[in-house]
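K.L.:
The following block contains the structure, expressed as structure tokens.
The values are calculated or read from the model by the stated rules, or taken from the named source; none is laboratory data. Being a predicted model, the structure only gives us computed values, none of them experimental. Every residue, glycine among them, receives a Cβ derived from its backbone with ideal geometry; neighbour counts consider all protein chains shown. We work out accessible area using only protein heavy atoms, side chains counted, and drop any ligands, DNA or RNA first. Shrake-Rupley method; radii C 1.70, N 1.55, O 1.52, S 1.80 Å.
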Amino acid sequence: MMQVYDFVEGSTPLLVSVPHDGRALAPGMKERMTTVGLALPDTDWHVQRLYQFAPSLGANVISANYSRYVVDLNRPSTDEELYKGQLFTRLCPTRTFGGDDIYLEGKEVSQSEKQERVEQYWQPYHDKISIELAQIKDKFGFALLWDAHSIPSRVPSLFSGILTIFNIGTVDGTSCDHRLTEAVHEIANESEYSVVVDGRFKGGYITRAHGNPAENIHALQLEKAQRAYMHEATLFYDETAAEQFVQCLVTMLSSYVRTAQTLY
């Protein structure tokens, strides 16, 4: 079996998490999926590529190798609802964001299979995050988590209109010290890209579960509209647009770390 995640050890208090750019499927899963499901349309396309710079900043990086259709690492293992009153995207999704079936009729995920996926794919990822954040805190006195995501600019089932480019999520200020959030927001706000804090995307399970400012562990989710660095219709990675976009990401992450260092 392929490794559940790849990990690059860094030298700073920052851990970057990329949970939704994996493409691998669980054994026996491919044969049960629809054509639409096999295209993995809800992948956070090219996010690992965007953050290739992170190790050069000294960041620790964990990136999932399996698709969110195997199990969604940014949902609770209990499969409870995160965003009340909005589309309920499941721990083991059965429909795409566009409403299409992921599995052929009668081939959906059973309860026992769901539990196996939690044990084999979900738990190891979260265990690694917990271990790394604890070790970082022991070394530096604090730890920073940056959960990296992307999504198409238009997803009617999730939000109306066209999505803001940068969507910073801190669970309404509970997962990250406001001074760190403000530092990241300031960089984004001074760029050519639109930005919002705790809008539609307030932070999923990773941010909520691992962020604990009272214990000097801060977590921030950054959801990015894919039009900023790729052609959404073709999934083509736009090198020119991405290069400029990455420069802004570098500055945002650097400010996140630098501001934290002034607080501790």
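K.L.:
Quick check on segment 230-264: of everything there that is assigned to a loop (DSSP other than H, G, I, E, B) and among the hydrophobic types (A, V, I, L, M, F, W, C), which residue is most open to solvent (accessible area, probe 1.4 Å)?
P.N.:
Filtering segment 230-264 for residues assigned to a loop (DSSP other than H, G, I, E, B) gives 232-235, 238, 264.
Add one more test, that the residue is among the hydrophobic types (A, V, I, L, M, F, W, C), and what stays is 233, 235.
Working: Ala233: 103, Leu235: 67 Å².
Among those residues, the one meeting the criterion is Ala233.
K.L.:
Given Leu133, Leu163, which one is among the aliphatic types (A, V, I, L, M) and farther than 30 Å from Gly98 by Cβ?
P.N.:
Details: Leu163 fails: farther than 30 Å from Gly98 by Cβ.
Of Leu133, Leu163, the one residue that is among the aliphatic types (A, V, I, L, M) and farther than 30 Å from Gly98 by Cβ is Leu133.
K.L.:
Sticking with this structure for a sec: List every residue pair whose Cβ atoms sit under 7 Å apart, with the two residues 6 or more apart in sequence or on different chains, where the first one lies in segment 116-132 and is farther than 15 Å from Asn60 by Cβ and the second, anywhere, is buried (at least 18 other Cβ atoms within 10 Å of the Cβ) and polar (S, T, N, Q).
P.N.:
Qualifying pairs under 7 Å: Val118/Ser77; Trp122/Ser77.
K.L.:
What do you reckon, is Ser56 at pLDDT 95 or above and in a strand (DSSP E or B)? Even if it seems obvious, please write down each step before you answer.
P.N.:
Numbers: at pLDDT 95 or above: yes; in a strand (DSSP E or B): no.
Against the criterion (at pLDDT 95 or above and in a strand (DSSP E or B)), Ser56 does not qualify.
K.L.:
Consider only pairs whose beta carbons are under 6 Å apart and that are at least six residues apart or on different chains; among these, list those whose first residue lies in segment 1-24 and is in contact (Cβ under 8 Å) with a residue 12 or more places away in the chain and whose second residue is open to solvent by 30 Å² or more (accessible area, probe 1.4 Å) and among the hydrophobic types (A, V, I, L, M, F, W, C).
P.N.:
If the second residue must be open to solvent by 30 Å² or more (accessible area, probe 1.4 Å) and among the hydrophobic types (A, V, I, L, M, F, W, C), the pairs left are Pro13/Phe140; Ala24/Met2.
K.L.:
While we're here: Across segment 48-72, what is the number of residues that are open to solvent by less than 10 Å² (accessible area, probe 1.4 Å) and either touching a His at 6+ places or on another chain (Cβ under 9 Å) or free of Cβ contacts under 8 Å to residues at least 12 places away in the same chain (or both)?
P.N.:
3
K.L.:
Could you give me the residue pairs with C-beta distances under 6 Å whose first residue belongs to segment 146-174 and is under 16 Å from Leu220 (Cα atoms), whose second residue is in a strand (DSSP E or B) and open to solvent by 10 Å² or more (accessible area, probe 1.4 Å) wherever it lies, and which are 6+ apart or on separate chains?
P.N.:
That search, which allows pairs on different chains as well, returns His149/Glu223; Phe166/Val195; Asn167/Val196; Asn167/Glu223; Ile168/Val197.
K.L.:
Report yes if some residue within segment 79-88 is in a loop (DSSP other than H, G, I, E, B), open to solvent by less than 60 Å² (accessible area, probe 1.4 Å) and modelled with pLDDT of 95 or more; otherwise report no.
P.N.:
Scanning segment 79-88 turns up no residue that is in a loop (DSSP other than H, G, I, E, B), open to solvent by less than 60 Å² (accessible area, probe 1.4 Å) and modelled with pLDDT of 95 or more.
K.L.:
Only one of Gln123, Gln115 is within 14 Å of Ile206 (Cβ to Cβ) and not in a loop (DSSP other than H, G, I, E, B); which? Steps first, please.
P.N.:
Working: Gln115 fails: within 14 Å of Ile206 (Cβ to Cβ).
The conditions single out Gln123.
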